[in-house]
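Participant: Sending over a structure as structure tokens; questions will come in a sec.
The values are calculated or read from the model by the stated rules, or taken from the named source; none is laboratory data. As the structure is a prediction and not an experimental result, all values here were calculated from the model. Heads up, the Cβs are rebuilt from the backbone with ideal geometry, glycines too, and the neighbour counts pull from every protein chain shown. Quick note on the areas: whole protein, heavy atoms, side chains included, nothing else; ligands and nucleic acids left out. Shrake-Rupley method; radii C 1.70, N 1.55, O 1.52, S 1.80 Å.
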Amino acid sequence: MLKIQPDKYKSIIFFTGAGMSAESGVPTYRGRGGVWSKYNWEEYACQEAFDRDSEKVLKFHELRRKSVLECAPHAGHTTIAELERRLPQLRVVTQNIDGMHQRAGSMNVIELHGSLWRLRCPTHGISEDIGENYRSYKCEHCNCWLRPDIIWFGDMLDQDVINDAHLVIARCDLFISIGTSGVVWPAAGFPKIAKGGGARCIEINPEPNDMSYLYDENIRQSAGLALPNLFE
Ligand SMILES: [Zn+2]
């Protein structure tokens, strides 16, 4: 059984995808049984939908918040958060928008696709909003509709966030990918960047995928099982 001494590393990156949250019961978006097999994203998750009917889009995102709040972080989330308290250089880079890492106690999380727990006014910027229901659908300053601060279909990724992710991944000496197929840009490039910087690369995913060959080690287990064992 593979064991890791975290203190031997200067900078550890955990890169997490949908599988990490699915283990907690959070509904996934893509794939069989995912949110987009029940809902048409063109009605709920693009700027055009929001411009057409903001209230409908916001109500849909409140449903997503409710389904996340019904779930709890698992032992994998907790292991990462505990490690971060010992190793301040540790970073989480995630494709998930559900804030599960933060609920487990992680502080340094780079959210590639935004967050269900933030809203954005085009004039007054981003505000946090963490209840099941939004405090208000409209900006308290200008009465403009508040848009979920999430990368929707057709949106560009936030280049500053991507640059942050690239920077910390290029500098890390241990890169652990969890529950992501890693085939979508920019995620597909991450293990290559980590390897280029000389990092040890480990994949934790019950199922192999097209990117698995890039890793030095592959752990075919769920994160809730693998992470506590790996770092005990
Ligand atoms: Zn405003």
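Participant: Identify all aspartates and glutamates with a Cα-Cα distance to K3 below 15 Å; exclude those on the same chain that are fewer than 8 residues away in sequence.
Facilitator: E203, D216, E217, E232
Participant: Under a point-charge model restricted to the Cβ atoms of Lys and Arg (+1) and Asp and Glu (-1), what is the dipole moment magnitude of the chain relative to its Cα centre, in debye to the nearest 20?
Facilitator: Values: 26 positive and 30 negative charges, 68 e Å.
Rounded to the nearest 20 debye, it is 320 debye.
Participant: Can you find, among S115, C142, F153, the residue farthest towards the positive end of the dipole of the stretch 74-171? Put +1 on the C-beta of Lys and Arg, -1 on that of Asp and Glu.
Facilitator: Value: S115.
Participant: When Lys and Arg each count +1 and Asp and Glu each count -1, what net charge do the other residues less than 13 Å away from V109, Cβ to Cβ, add up to? Write out the running numbers ahead of the final one.
Facilitator: Numbers: positive: R91, R103, R118; negative: E84, D98, E111, D164.
Local net charge: -1.
Participant: When a/c reaches 1.5 or more, the comparison of a/b and b/c decides; with that in mind, is the stretch 3-132 rounded, prolate or oblate per its Cα gyration tensor?
Facilitator: Working: a/c = 2.44, a/b = 1.77, b/c = 1.38.
Prolate, since a/c reaches 1.5 and a/b exceeds b/c.
Participant: Taking a ≥ b ≥ c as the square roots of the eigenvalues of the Cα gyration tensor of the stretch 111-163, is the shape rounded (a/c under 1.5), prolate (a/b larger than b/c) or oblate?
Facilitator: On the way: a/c = 2.17, a/b = 1.61, b/c = 1.35.
Here the stretch 111-163 falls in the prolate category.
Participant: Still on this structure, I have one more. Do the sum for the chain: with -39,500 (n - 2.57) for every DSSP H run of n ≥ 4, divided by all residues, what is the mean residue ellipticity at 222 nm, to the nearest 500 deg cm²/dmol? Numbers along the way, then the final one.
Facilitator: Numbers: 10 runs with 80 residues, N = 232.
One gets -9000 deg cm²/dmol as the mean residue ellipticity at 222 nm.
Participant: Would you mind checking the tilt of helix 54-69 against the longest principal axis of the Cα atoms of the chain, expressed as 0 to 90 degrees and rounded to 10?
Facilitator: Approximately 40 degrees, to the nearest 10.
Participant: With +1 on each Lys and Arg Cβ and -1 on each Asp and Glu Cβ, and nothing else charged, work out how big the dipole of the stretch 1-93 is about its Cα centre, in Debye to the nearest 20.
Facilitator: Details: 15 positive and 12 negative charges, 94 e Å.
Its charge dipole is roughly 460 debye.
Participant: Based on the alpha-carbon gyration tensor of the stretch 175-214 and its eigenvalue square roots a ≥ b ≥ c, which shape applies: rounded if a/c is under 1.5, prolate if not and a/b is larger than b/c, or oblate? Present the calculation step by step, with values, prior to reporting the outcome.
Facilitator: Working: a/c = 2.03, a/b = 1.33, b/c = 1.53.
Oblate, since a/c reaches 1.5 and b/c is not below a/b.
Participant: Let me ask you something else. Place +1 on the Cβ of every Lys and Arg and -1 on the Cβ of every Asp and Glu in the stretch 79-232, take the dipole about the Cα centre, and give the residue among S212, G179, F231 whose Cα lies farthest towards its positive end.
Facilitator: F231
Participant: Given 5 Å bins starting at zero, what is the percent of C-alpha pairs of the chain in each, up to the one with the largest pair distance?
Facilitator: 1, 6, 14, 18, 19, 16, 11, 8, 4, 2, 0, 0
Participant: If you roll a 1.4 Å probe over the stretch 74-232 with all protein chains in place, what percent of the accessible area is carbon or sulfur?
Facilitator: Values: 3860 of 7520 Å².
The C+S portion of the solvent-accessible surface of the stretch 74-232 is 51 percent.
Participant: At 1.4 Å probe size, with every protein chain present, just tell me what the per residue accessible area of the chain comes to in Å². Before the final figure, lay out each step's value.
Facilitator: Numbers: 11470 Å² over 232 residues.
So the chain comes to 49 Å² accessible per residue, rounded to a whole number.
Participant: Any lysines with Cα under 20 Å of the K138 Cα? List them, leaving off those in the same chain fewer than 8 positions away.
Facilitator: The qualifying lysines are K56, K59, K66.
Participant: Next question. Might you report the magnitude of the Cβ-based charge dipole of the stretch 49-182 about its Cα centre, with Lys and Arg at +1 and Asp and Glu at -1, to the nearest 20 debye?
Facilitator: 180
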